[in-house]
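Let me begin by presenting the structure, written as structure tokens, before commenting on it.
The values are calculated or read from the model by the stated rules, or taken from the named source; none is laboratory data. Bear in mind that the values here come from a model prediction, so they are computed numbers and not experimental data. Ideal geometry is used to build each Cβ from the backbone, glycine not excepted, and the neighbour counts take in all protein chains shown. Just so you know, the surface numbers come from the protein's heavy atoms only, side chains and all, with ligands and any DNA or RNA stripped out. Shrake-Rupley method; radii C 1.70, N 1.55, O 1.52, S 1.80 Å.
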Amino acid sequence: MDYTQLLENIYQSILPYAKEGKQADYIPELAKVNPDQFGMCIHTIYGEVAAIEQADTRFSIQSISKVFALAMCLSIKGDALWTKVGKEPSGTAFNSLVQLEVEHGIPRNPFINAGAIVMADILLTHLGNPAADFLQFVREVSGTDTIEYNEHVAISEREKGYLNAAIVNLLKHHGTIENDIEEVLHFYFLMCSIEMSCRELSQAFLVFANHRRRFDYAGVVLTASQVKRMNAIMQTCGFYDEAGEFSYLVGLPGKSGVGGGIVAIYPLQYAVAVWSPRLNAKGNSVLGIKALELLTTETQTSIF
Ligand code: GLN
């Protein structure tokens, strides 16, 4: 399979949609990003790699960081994690407060903001050096030691982060989190602010795609069964209230972020990352979803 040609063809086919949607602007630093950018990279478990356009440009991974946080939390707490956060799709927006109140401060799943804020609290409690340890894990899993946080993005998100502040207060009220709310929020925003390229993200997610291989990076050890179950949660919860539509159109487990990135995996075959900042109303990249829909159609690699 000539993956480079395939990705180029996909890019040409989606160009008519290049001006649809708009980038996230509720995080002031992200409003400054040029929305007219696109990158895509695929890694197969057989060692093939194809990358097109701006596949090496780093961007804010935002909610994609929630997958790395889940890997760390599962390795620390095992199944006990599920007493603090659920694993059911939410059907609501990533920053919704509605269910959290009704369900007494237990977030539906780790991939909505409330769930990731609970994971930030767990990591603060259990890691010796939370910011350094988290970054080291992301670097090792992606095989790149230059990945960094973008503190400007994290600080700028706090300035307008009213909804996330409401979520952390509700969690604290219900006793779901242990640490100081400002510390938890800061660490959550810091994880979201990591910058990576499509090439780095698809490399990192290859280890989730290749779930039968031993998972042991920077002290984060997971069994094959745990990685397989993480993939299941990516399938059901990776796209908030668009998880059903993503399954319908693309048919792969994955995770999106409001920086415009999407990573998806075809278990035991490949990981693919795509990035374009213009988002649809649900906060997912317009070109990203279109590109992945074409990829799984052309290669007949949806899991369904
Ligand atoms: N940092 C973002 C927020 O909390 C992450 C959201 C996302 O990428 N969907 O709003």
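For the range 197-253, what relative contact order do you get, as a whole percent, if you take Cα pairs closer than 8 Å and at least 6 residues apart?
Details: 36 pairs, mean separation 12.6, N = 57.
In percent, rounded to a whole number, it is 22.
Per residue, how much accessible area does the chain show when a 1.4 Å probe rolls over the protein heavy atoms, in square angstrom?
40
Projecting each Cα onto the charge dipole of the range 64-210 (Lys/Arg +1, Asp/Glu -1 at the beta carbon, about the Cα centre), which of Val118, Gly91, Ala154 comes out farthest on the positive side?
Gly91
Would you look at the GNM of the chain, springs on alpha carbons closer than 10 Å, and say which of Gln136, Gln12, Gln269 moves the most?
Of the options given, Gln12 has the highest mean-square fluctuation.
Once every DSSP H run of n ≥ 4 in the chain is given -39500 (n - 2.57) and the sum is divided by its residues, what mean residue ellipticity at 222 nm do you get, rounded to the nearest 500 deg cm²/dmol?
For the chain, the value works out to -14000 deg cm²/dmol.
About its Cα centre, what dipole magnitude does the chain give when the only charges are +1 on Lys and Arg Cβ and -1 on Asp and Glu Cβ, stated in debye to the nearest 20?
In debye, rounded to 20, the chain gives about 580.
With angles folded into 0 to 90 degrees, how steeply does helix 3-14 sit against the dominant principal axis of the chain? Use alpha carbons for both and round to 10.
The answer is roughly 80 degrees.
Once you've got the GNM for the chain with C-alpha springs shorter than 10 Å, pick whichever of Arg108, Arg212, Arg58 has the biggest mean-square fluctuation.
Looking only at Arg108, Arg212, Arg58, the biggest GNM fluctuation is shown by Arg212.
Measure nothing but the geometry: give the 0 to 90° angle between the long axis through the Cα atoms of 162-173 and the longest principal axis through the Cα atoms of the chain, rounded to 10°.
Here the helix axis deviates by roughly 50 degrees.
Counting Lys +1, Arg +1, Asp -1, Glu -1, what net charge surrounds Tyr188 among other residues with beta carbon under 10 Å of its beta carbon?
Values: positive: Lys66, Arg158; negative: Asp121, Glu157, Glu183.
The answer is -1.
Any aspartates and glutamates with Cα under 12 Å of the Lys160 Cα? List them, leaving off those in the same chain fewer than 8 positions away.
The reachable aspartates and glutamates, counting only those whose Cα sits under 12 Å from Lys160, are Asp25, Glu29.
Above 18 angstrom, tally the Cα pairs of the range 95-209 and express them as a % of all pairs, no decimals. Could you put the intermediate results ahead of the total?
Working: 3479 of 6555 pairs.
When every Cα pair of the range 95-209 is considered, 53 percent fall beyond 18 Å.
Test of understanding: what is the full-extension gain from Glu151 to His173, defined as 0.36 nm times their sequence separation minus their Cα-Cα distance?
Result: 5.1 nm gained on full extension.
Looking at the chain as a GNM with Cα springs under 10 Å, which of Pro28, Pro267, Pro89 has the largest mean-square fluctuation?
Pro28
How far is helix 286-299 tilted, in degrees, relative to the longest principal axis of the Cα atoms in the chain, given as a value from 0 to 90 rounded to the nearest 10?
It works out to around 60 degrees.
For the range 198-222 and the range 113-162, what is the centre-to-centre distance using only Cα atoms, to the nearest Å?
One Cα centre to the other: 18 Å.
Step by step: find N for the chain, compute 2.2 N^0.38 Å, then divide the Cα radius of gyration by it. What's the final number?
0.92
Starting from the Cα of Lys19, draw a straight line to each of the lysines and keep only those under 24 Å, dropping any in the same chain fewer than 8 residues away.
Lys32, Lys255, Lys282, Lys290
Please list, ordered by chain and number, the residues whose modelled amide H lies under 5 Å from the amide H of Gln23; skip anything fewer than 5 residues away on the same chain.
Amide H to amide H, under 5 Å and 5 or more residues apart or across chains, Gln23 pairs with Leu279.
Placing +1 at every Lys and Arg Cβ and -1 at every Asp and Glu Cβ, with all other atoms neutral, what dipole size does the range 1-69 have around its Cα centre, in debye to the nearest 20? Mind dumping the intermediate values first?
On the way: 5 positive and 9 negative charges, 62 e Å.
In total the dipole reaches around 300 debye.
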